[in-house]
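So the structure is just underneath, and the comments pick up after that.
The values are calculated or read from the model by the stated rules, or taken from the named source; none is laboratory data. Predicted, not measured: the structure shown is a model, and the values here were computed from it. Cβ placement follows ideal geometry from the backbone for every residue including glycine, while neighbour counts extend to all protein chains displayed.
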Ligand code: ASP
């Protein structure tokens with residue numbers, strides 16, 4: 001038997017017991033006749049004392065111990081003497097007086113210390129991920145992930161969902177990214193594609209009468225990686241039969257409140273989750289995933305400044321663009337350096353620039369503000385009346401800083417919504433102790449794709465239009481809203497879902513609108529459409545990023561911190577050195593010839 005307690009377990013009430021512990025040497029300190037070891041395992045740290053007088057053999061051996069050696073210690077639990085206790089450790093009031101020591105395994109000198117406070121390159125952490133994961137913080141993250149999964153599973157099972165696995169080796173299931181493909185040995189020249197999501201499979205399960213399905217699904221998307229993306233990620237994926245949108249949202253609300261309650265009971269989760277239409281989100285926040293923990297809503301000034309005499313505003317308005325603004329309360333005294341920083345910030349979000357307008361705190365009210373009270377590059381180009389009208393529209397007061405962005409509507413919305421989040425962060429407006437979930441509903445079914453010069457599905461091709469909008473599929477596709485919803489948490493999109501199309505004529509119309517030829521439809525979706533001819537129930541569902549919600553619950557800012565073996569930004573696993581070459585025999589078996597790039 002290697003242990004009868006774990007390192008984090010012993011307490012004062014165990015004093016006098018003889019116990020055996022196993023773990024890693026965290027730290028060693030020699031004090032003459034006494035050697036102290038902090039022994040570590042997943043559960044915590046335990047101080048072990050080797051005394052030259054009472055256990056000379058063990059003491060001698062302890063002198064050889066090095067960081068990360070694996071040892072077994074037998075000894076007696078003893079209360080620490082007054083002043084020697086460590087209030088930072090749950091085990092800090094006791095220590096083990098060792099009688100026996102066994103070295104179970106040695107370790108090379110570790111590449112970094114196993115400490116939560118770590119300052120090494122991500123690449124190194126991932127190359128030695130097995131050491132990195134020994135850090136208490138990483139254990140906590142893995143445990144949290146486990147708990148979130150258990151809470152989700154319990155909730156879904158309680159709501160009569162069946163957990164069903166779907167294949168990884170299959171055919172392209174487009175979700176808007178590039179596929180990862182796997183060559184077939186048995187069928188030379190043919191390839192499987194790894195699922196970007198189990199979308200079509202879960203719809204087939206509904207046609208199969210499974211009624212309610214869920215799965216923690218691995219999804220593979222070959223896209224250029226951003227900070228919170230990985231080539232493979234896990235989705236909480238579900239689908240339900242005989243439901244309307246509201247039924248799905250009810251399940252979502254239950255699922256996410258259960259997940260937070262079970263894992264972070266300290267967080268406040270306001271319910272019911274509010275619903276906001278896509279149009280309202282864009283108008284009020286410039287974003288379809290607004291952080292609604294704070295106000296600072298985005299105003300529209302286009303009409304007010306269209307004839308203001310200021311060239312930039314006038315030309316933007318004439319070109320059908322937008323002039324939008326937020327107010328940073330109490331920030332009128334921002335320095336040039338501070339506003340220059342904000343200008344750089346909005347430029348990195350794609351805007352041409354940013355116009356600050358400081359309204360001095362001296363005036364008693366907006367009505368009394370004079371030109372002298374206003375500091376802004378537009379001060380001398382726009383009349384005082386218009387400046388005041390702009391301030392009134394944005395609800396700015398003396399003492400506030402208005403931040404104005406002009407340009408094409410979409411560019412302005414992206415930049416101003418990012419700026420709003422940034423100002424919220426700078427001013428500490430978003431309460432980290434609150435999880436504000438939000439349903440964004442009524443997304444447009446299509447978005448215009450400039451590259452292809454045609455309509456593209458906003459979500460995916462199976463999402464259904466709202467029944468009242470079906471008539472507009474022919475006349476005005478851009479105005480058609482979908483039974484399409486997102487779950488958003490504190491400004492982060494957690495996932496999307498929809499009620500699916502089950503009407504053949506509507507499905508064909510959608511394919512036609514987004515420019516899929518009948519051949520393409522047959523190749524990509526023929527199997528599903530054929531199944532739909534055998535009685536498809538009304539159904540809908542959702543796919544939600546598991547990594548992201550765990551990241552937010554863990555208070556981390558990168559999903560890599562909550563994935564056991566993630567890949568780098570360059571889609572590489574430095575531990576396995578994946579991706580890697582395969583042997584010539586393997587290539588031959590697969591009938592594949594690798595052409596050197598440029599060759
Ligand atoms: N398959 C979709 C996605 O990955 C989610 C869904 O519609 O259920 O975004």
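Residues in region 292-305 that are closer than 18 Å to residue 430 by Cα and in contact with a helix residue (DSSP H, G or I) (Cβ under 6 Å, 6 or more places away or on another chain): how many?
Pass one, region 292-305, residues closer than 18 Å to residue 430 by Cα: 292-298.
So of that shortlist, the ones also in contact with a helix residue (DSSP H, G or I) (Cβ under 6 Å, 6 or more places away or on another chain) come out as 294, 296-298.
The qualifying residues number 4.
Determine whether region 571-585 contains at least one residue that is within 16 Å of the ligand (Cβ to nearest atom), in a loop (DSSP other than H, G, I, E, B) and surrounded by 16 or more Cβ atoms within 10 Å (Cβ to Cβ).
No - not one qualifying residue is present in region 571-585.
It is to be established whether one or more residues within region 167-187 are closer than 26 Å to residue 463 by Cα, within 15 Å of the ligand (Cβ to nearest atom), modelled with pLDDT under 95 and not in a loop (DSSP other than H, G, I, E, B).
Yes, there is a match, as at least one residue in region 167-187 is closer than 26 Å to residue 463 by Cα, within 15 Å of the ligand (Cβ to nearest atom), modelled with pLDDT under 95 and not in a loop (DSSP other than H, G, I, E, B).
I'm checking my understanding of the structure. Among residues of region 538-564 that are more than 16 Å from the ligand (Cβ to nearest atom) and outside any helix (DSSP H, G or I), which one is surrounded by the most Cβ atoms within 10 Å (Cβ to Cβ)?
563
Kindly indicate whether residue 268 is more than 17 Å from residue 487 (Cβ to Cβ), in contact with a strand residue (DSSP E or B) (Cβ under 6 Å, 6 or more places away or on another chain) and in contact (Cβ under 8 Å) with a residue 12 or more places away in the chain. Working first, answer last.
On the way: more than 17 Å from residue 487 (Cβ to Cβ): yes; in contact with a strand residue (DSSP E or B) (Cβ under 6 Å, 6 or more places away or on another chain): yes; in contact (Cβ under 8 Å) with a residue 12 or more places away in the chain: yes.
For residue 268, the condition - more than 17 Å from residue 487 (Cβ to Cβ), in contact with a strand residue (DSSP E or B) (Cβ under 6 Å, 6 or more places away or on another chain) and in contact (Cβ under 8 Å) with a residue 12 or more places away in the chain - is met.
Right, residue 243: within 14 Å of the ligand (Cβ to nearest atom), in a loop (DSSP other than H, G, I, E, B) and crowded, with 18+ Cβ neighbours inside 10 Å or not? Before you say what the answer is, go through the steps one by one.
Details: within 14 Å of the ligand (Cβ to nearest atom): yes; in a loop (DSSP other than H, G, I, E, B): yes; crowded, with 18+ Cβ neighbours inside 10 Å: yes.
Criteria met by residue 243.
If we keep just the residues of region 490-511 that are over 17 Å from residue 444 (Cα atoms) and within 16 Å of the ligand (Cβ to nearest atom), which is surrounded by the most Cβ atoms within 10 Å (Cβ to Cβ)? Before the answer, list the steps.
Pass one, region 490-511, residues over 17 Å from residue 444 (Cα atoms): 490-492, 494, 502-505, 508.
Subset that is within 16 Å of the ligand (Cβ to nearest atom): 492, 494, 502.
Details: 492: 15, 494: 23, 502: 19.
So, considering only residues that are over 17 Å from residue 444 (Cα atoms) and within 16 Å of the ligand (Cβ to nearest atom), the one surrounded by the most Cβ atoms within 10 Å (Cβ to Cβ) is 494.
Within region 28-109, which strands (runs of 3 or more DSSP E) (wholly inside it) include 3 or more residues that are surrounded by fewer than 20 Cβ atoms within 10 Å (Cβ to Cβ) and touching a helix residue (DSSP H, G or I) at 6+ places or on another chain (Cβ under 8 Å)? Spell out how you get there, then give the answer.
Numbers: elements: 34-41, 44-51, 70-79, 94-105.
Correct list: 94-105.
Which of the following residues is more than 16 Å from the ligand (Cβ to nearest atom), within 30 Å of residue 358 (Cα to Cα), in contact (Cβ under 8 Å) with a residue 60 or more places away in the chain and in contact with a strand residue (DSSP E or B) (Cβ under 6 Å, 6 or more places away or on another chain): 438, 401?
Details: 438 fails: within 30 Å of residue 358 (Cα to Cα).
On inspection, the qualifying residue turns out to be 401.
Which strands (runs of 3 or more DSSP E) does region 403-484 wholly contain that include 3 or more residues that are crowded, with 16+ Cβ neighbours inside 10 Å and touching a helix residue (DSSP H, G or I) at 6+ places or on another chain (Cβ under 7 Å)?
437-441
Scan region 512-537 residue by residue and report those that are away from the ligand (no atom under 16 Å from the Cβ), part of a helix (DSSP H, G or I) and either under 30 Å from residue 571 (Cβ atoms) or in contact with a strand residue (DSSP E or B) (Cβ under 7 Å, 6 or more places away or on another chain) (or both).
513, 520, 523, 527
In the list 224, 237, 211, which residue meets the criterion of being under 23 Å from residue 169 (Cα atoms) and without any contact (Cβ under 8 Å) to a residue 60 or more places away in the chain?
Numbers: 237 fails: without any contact (Cβ under 8 Å) to a residue 60 or more places away in the chain; 211 fails: under 23 Å from residue 169 (Cα atoms).
After applying the criteria, what remains is 224.
Looking at (1) within 16 Å of the ligand (Cβ to nearest atom); (2) touching a residue at least 24 places away in the same chain (Cβ under 8 Å); (3) out of contact with any helix residue (DSSP H, G or I) (no Cβ under 9 Å at 6 or more places or on another chain), which is the one condition that is false for residue 130?
All conditions pass for residue 130, except number (1).
Can you name the number of the only condition in (1) surrounded by fewer than 20 Cβ atoms within 10 Å (Cβ to Cβ); (2) part of a loop (DSSP other than H, G, I, E, B); (3) in contact (Cβ under 8 Å) with a residue 40 or more places away in the chain that residue 6 fails?
Among (1) surrounded by fewer than 20 Cβ atoms within 10 Å (Cβ to Cβ); (2) part of a loop (DSSP other than H, G, I, E, B); (3) in contact (Cβ under 8 Å) with a residue 40 or more places away in the chain, the lone unmet condition for residue 6 is (3).
Within region 188-203, how many residues turn out to be in contact (Cβ under 8 Å) with a residue 12 or more places away in the chain, away from the ligand (no atom under 13 Å from the Cβ) and under 27 Å from residue 456 (Cβ atoms)?
Of region 188-203, the ones in contact (Cβ under 8 Å) with a residue 12 or more places away in the chain are 188-189, 192-203.
After this cut, where a residue has to be away from the ligand (no atom under 13 Å from the Cβ) as well, the list is 188-189, 192-194.
Remaining after also requiring under 27 Å from residue 456 (Cβ atoms): 192-194.
So the count comes out to 3.
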